[in-house]
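Just below is one structure, and these are the notes that go with it.
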Amino acid sequence: MTNAIEVLNLNKKLHQFQLRDVSFTLPSGTIMGFVGENGAGKTTTIKCLINLLKKERGSIKLFGLNQESNDIAIKEQIGVVFDNIHFPEMLTPKQINQLMGAVYKTWDHHYFLKLLDQLKVPIHKPIKQLSSGMKMKLSISTALAHYPKLLILDEPTSGLDPIVREEILDLFLEFMQDEEHSILFSSHITSDLEKIADYITFIHEGEILFSENKDDLLYQFGIWKGSLEQSKDLPDHSKIRMKKSPFGVEILVKRNEVNNAFYLEKPTIEDIMLFYVKGDDIK
């Protein structure tokens, strides 16, 4: 099966920031959580994927097609959602329906209105009168109404209340009922990704630290807590990163390299991120 996204050694310099040899693959029919702290390079990577920024080096393929030489054909098959809506604020959803019908060959006017009705988005109100949750629902409906194979989402649930976030996640899961559909989901709300993602790709300071199956990732790590003196009993080769606190230390370890005598907590994606970003190397 063709991969939805293949990125190999992507490099892009933007002011003082640089993507350095970014590589990851999103298999068709799966959801990838794309995580990292603010400024880590998530949005820059996404803009390179959709050709809003020109890469300097590397290879980007979507659906097996070279991104630069097949730009129009690719964009017919993707839906993109940023954290802010990018339509003039005086437009209404009804006017957007007319506008987008002229942009996409496969735009479905009736399906768009059905989505808005399902999400309770008023079609006659201008965008400037909509709440942030309604604006995001409108953005997602716009991304879905031309039947894309791939959704590229940049912080779609940021700033939304839990009820609206749950509603939006359900919509993404509904989209994934088709086995050819895929989602690249950039978010700092890692609890959302733990609910729906198949893979997690972690970018830090412009570099990919890991890109792995989510379940394998969460299973392979454990968190040990205790004093610095007690930590000496842990096998050295099992230790990955350490955080100090007034109460002792927390160490991210490889679970299968620590025997059952040690109690390990199961980490979340956020825990793993914090160890890599805020933790110390263990010499």
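None of the figures in this text is laboratory data; all of them are computed from the coordinates on show. Here the structure is a predicted model, which means the values were calculated and not measured. A quick note on method: Cβ atoms are made from the backbone with ideal geometry, for glycine too, and the neighbour counts reach across all protein chains shown.
Here are a few things to note about the model shown:
- P(r) weight above 20 Å for the stretch 219-281, C-alpha pairs, percent: 15
- Net charge, Ser238 excluded, C-beta distance under 9 Å - Lys, Arg +1, Asp, Glu -1: +1
- Every helix of 4 or more DSSP H residues in the chain counts as -39500 (n - 2.57), and over all residues that averages to -8500 deg cm²/dmol at 222 nm.
- Whole-angstrom Cα spans of the chain along principal axes, big to small: 68, 41, 38
- Taking a sphere under 15 Å around the Cβ of Phe262 and counting the other residues whose Cβ falls inside, with K and R at +1 and D and E at -1, yields a net charge of 0.
- Members of Lys75/Lys128; Lys225/Lys266; Lys61/Lys254; Lys55/Lys195; Lys75/Lys195 lying beyond 22 Å, as alpha-carbon distances in this model show: Lys75/Lys128; Lys61/Lys254; Lys55/Lys195; Lys75/Lys195
- DSSP finds beta bridges in the chain, and of those with both partners inside it, around 70 percent are antiparallel.
- Calculated on the alpha-carbon coordinates, the convex hull of the stretch 38-192 measures out at 125 cubic angstrom per residue.
- Where chymotrypsin sites (Phe, Trp or Tyr not before Pro) fall in DSSP loop in the stretch 177-253, at most 12 other Cβ within 10 Å: Phe247
- Summed side-chain charge close to Leu217 - residues other than Leu217 whose Cβ falls under 13 Å, Lys, Arg +1, Asp, Glu -1: -3
- Taking the DSSP beta bridges with both ends in the stretch 45-191, the antiparallel portion is around 20 percent.
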